[in-house]
Each structure stands twice: as structure tokens, then as C-alpha cells.
Amino acid sequence: MQEKVEAQNILSMNSVEVLYDNVMLAIKGVSVQVPKGEMIALLGSNGAGKSTTLKAISGLLKAERGRISRGEITFQGTDITEALAQKRVEMGICHVIEGRRVFEHLTPDENLTAAAPRGMSRSTLNAEKDKIYAYFPRLAERKNSQAGYLSGGEQQMLAIGRALVTQPKLLMLDEPSLGLAPFLVEEIFGILQKINNDEGLSVLLVEQNALAALEIVSQGYLIENGRVVMHGTAEALKSNSDIQEFYLGGGETDFHNVKHYSRRKRWLS
Ligand SMILES: Nc1ncnc2c1ncn2[C@@H]1O[C@H](COP(=O)(O)OP(=O)(O)OP(=O)(O)O)[C@@H](O)[C@H]1O
Ligand SMILES: [Mg+2]
């Protein structure tokens, strides 16, 4: 039974704690499962521990003097808790960090070339590029302009394209909607959904924009203060009154902070 569950989850994070600088406990026993081929959202407000969770999975904690102090992470059934970041990349874990980093002085096409794994043949690279341009027609139109002059949305598309060129098995995106106009968020999320549908790519999506994220994922986890306080299907989360009130922009605004505080306490109790 246990084996079957493992086989269905491409990623399994169990009771993971992360310490920064040996003192700051940023996440406090987080468990997150990503079933193969599904899109899962990690929701929560500023400082909740979302990015830390992604860094624990991709192995980027070390660079920030962080480490996993408890729990374990398995990817396709292999324990990766202690694996080097590069090893995790080779296994197919791709982490698009917050802030849409692209090489601004290169063109989008050159950016894609630069992101390709060493040893990828030219024909495979070209096929991957064609696929990415088909998903992101805006990128195709601007593929030979300087990336630094692309709009925020186009740069985010390019950041996702750079991830896709590595042919990941698990794509992790940290707040891809940040600072983008709603129509662009809708466009990019629609494309992500299409890629997930067409290719069965597993996606772990970190978002503060719960409204947009819950439209495209199958399940969501809500993180507050370093702990998962809620987990459910996208439908269940959308109809949850706490989520509606604090993350989907519904509900009254009177005494908002007071109510937020009391509810947060209730989640944690
Ligand atoms: N490198 C670091 N060193 C020390 N503390 C850190 C470090 N990075 C994050 N933290 C702390 O860990 C906690 C979780 O931060 P994290 O960046 O994971 O939150 P987040 O949910 O991604 O927030 P945001 O939505 O603002 O990006 C915060 O209290 C933060 O201050
Ligand atoms: Mg973050």
C-alpha cells in the first residue's frame, strides 16, 4: 500500500523543518504531496514559508545558510533530503525562483539556448524551442529582441520557457503572477494548464494570488507561519469561508485584522 502511494506521488515532503542560521525555524513540519501529473498550489501570505518550502525541495537552502533539520523529501521514490542542488536538477526538479530572472542582454532565443542542459543535442533543443514558442506565441514574436526590453509578463513567460527547455519532471514556480496585470496572469496560467494537460507535467505553484491559482490546480495547501493549516481540493478551498474571506477578496472588511488573528489562531489550534 505504502509503495503504491509513493508511486503515485512524484514528490513527497514529510514533516520537514527548515532552520536558517541554525536558529530561525522558518517551516515547522511541512508535509506536501504532489501526485504525478497534477498541479498543486502552495498558498499563503508574506513570510508564511512558501519559498522556503520550494528551496528545501530544490536544494537551494544551503546558499542562504539554511538546512533541513527534520523530516524527509522523496522524489520519484528516491530520498533527496541531502542531495546536492545540481543532482536534483539532473533528476528533473526545476525551480523558477521569485523575480523572473532572465539574461537581460541576451535575446529570448539565446536565453533558451543558455538554459539548455549540457549535452542536449541541437535537434532536441530546436524541438524544445519550437514547442515553447507554440505555447508562448508572444515569445516567438519577440524571440530576437533584447530580453531586458520585454514586458514583465513576457519576461515571466521567458523564465518559464527557460525552465521548460530543461525538460523537467517537476516544475516549481515561485509567485509567477507577482506584479502582473490580471489579464496576463490569466494568459500565463492558461498556458500552464495547457502544458499540464498536454504533457502531464507535474507543477508545484507558489502563489499569494489564491483566486488565480485555485482556477488551475487540482489541490491546494495553505501555509501560515511555517505550518500547513489547510489542505484540500481546489473546489473545497474555493468554497471554504476562511479562504474566501482572506484570500479570495470576499467577506466584510470591518475588523479585518482582528478576525484574521482569531481565525489564524483557530487554524493553528
Ligand atoms: N535566508 C534567510 N535567512 C533567515 N531567515 C529567512 C531567510 N529566508 C527566509 N527567512 C524567513 O523565513 C520565513 C519564511 O520565509 P519565506 O521566504 O519562505 O516566506 P514566503 O511565504 O515565501 O513569503 P513571501 O510571500 O513574502 O515570498 C520568514 O520569516 C523569513 O523572514
Ligand atoms: Mg516567497
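Under a crude label model (7 Å from the Cα following the beta-carbon direction), how far is Gln193 from Gln8 in nanometres?
2.4 nm
Past 30 Å, Cα to Cα: identify those pairs from Lys28/Lys129; Lys36/Lys238; Lys55/Lys131, in the order given.
Values: Lys28/Lys129 40 Å; Lys36/Lys238 23 Å; Lys55/Lys131 28 Å.
From Lys28/Lys129; Lys36/Lys238; Lys55/Lys131, over 30 Å: Lys28/Lys129.
In terms of Cα to Cα distance under 18 Å, which aspartates and glutamates are near enough to Lys169, apart from those fewer than 8 places away along the same chain?
The qualifying aspartates and glutamates are Glu6, Glu38, Asp79, Glu90, Glu128, Asp198, Glu199.
Could you list the square roots of 5 times each eigenvalue of the Cα gyration tensor of the chain, that is, the equivalent ellipsoid semi-axes, sorted largest first and rounded to whole Å?
Values for the chain, descending: 30, 23, 17 Å.
Where a ≥ b ≥ c are the square roots of the eigenvalues of the C-alpha gyration tensor, would you call segment 129-185 rounded, which needs a/c under 1.5, or, failing that, prolate if a/b is larger than b/c, or oblate?
On the way: a/c = 1.76, a/b = 1.05, b/c = 1.68.
Oblate, since a/c reaches 1.5 and b/c is not below a/b.
Can you tell me the dipole magnitude for segment 178-240 around its Cα centre, using point charges on the Cβ only (Lys, Arg +1; Asp, Glu -1), in Debye to the nearest 20?
Values: 3 positive and 8 negative charges, 42 e Å.
Roughly 200 debye, rounded to the nearest 20.
Hey, got a sec? Which trypsin sites (Lys or Arg not before Pro) in segment 79-175 land in a DSSP loop and have at most 10 other Cβ atoms within 10 Å? Display every interim value, and only then the final one.
Details: sites: Lys87, Arg88, Arg100, Arg101, Arg118, Arg122, Lys129, Lys131, Arg138, Arg142, Lys143, Arg162, Lys169; in loops: Arg100, Arg101, Arg118, Arg142, Lys143, Lys169.
Answer by residue number: Arg118.
Excluding Phe103 itself, calculate the net charge of residues whose Cβ lies under 12 Å from the Cβ of Phe103, where each Lys or Arg counts +1 and each Asp or Glu counts -1. List each step's numbers first, then the result.
Working: positive: Arg100, Arg101, Arg162; negative: Glu104, Asp109, Glu110.
Summing Lys/Arg as +1 and Asp/Glu as -1 gives 0.
Based on alpha-carbon centroids, what's the gap between segment 71-126 and segment 130-156 in Å, whole number please?
Segment 71-126 and segment 130-156 have Cα centres spaced 19 Å from each other.
Under 1.5 on a/c is rounded, so check that first for segment 138-223, then, if it is not, pick prolate when a/b is larger than b/c and oblate when it is not; a ≥ b ≥ c are the square roots of the alpha carbon gyration tensor eigenvalues. Kindly include the intermediate steps, with their values, before the conclusion.
Values: a/c = 1.97, a/b = 1.36, b/c = 1.45.
Oblate, since a/c reaches 1.5 and b/c is not below a/b.
Efficiency by 1/(1 + (r/R0)^6): what FRET value for Glu90 and Leu248, r their Cβ-Cβ distance, R0 = 35 Å, to the nearest 0.05? Working shown, then result.
Numbers: r = 39 Å, r/R0 = 1.10.
Computed FRET efficiency for Glu90 and Leu248: 0.35.
Between beta-carbons, use under 11 Å as the cut-off and find the net charge around Gln219, counting Lys and Arg +1, Asp and Glu -1. Numbers along the way, then the final one.
Working: positive: none; negative: Glu38, Glu235.
Taking every other residue near Gln219 into account, the sum is -2.
Which residue, Thr52, Thr124, Thr113, tops the fluctuation ranking in a GNM of the chain built on C-alpha contacts under 10 Å?
Comparing Thr52, Thr124, Thr113 in the GNM, the peak value goes to Thr124.
How much length is gained if the chain between Ser31 and Arg70 is pulled fully straight, taking 0.36 nm per residue apart and subtracting their Cα-Cα distance, in nm to one decimal? Don't jump to the answer; show the numbers that get you there.
Details: separation 39, 0.36 × 39 = 14.04 nm, distance 1.15 nm.
Residue separation times 0.36 nm, minus the Cα-Cα distance, leaves 12.9 nm.
Coordinate-derived values only; no laboratory data. A quick note: this is a predicted structure, and the numbers were derived from the prediction, not measured. Every residue, glycine among them, receives a Cβ derived from its backbone with ideal geometry; neighbour counts consider all protein chains shown.
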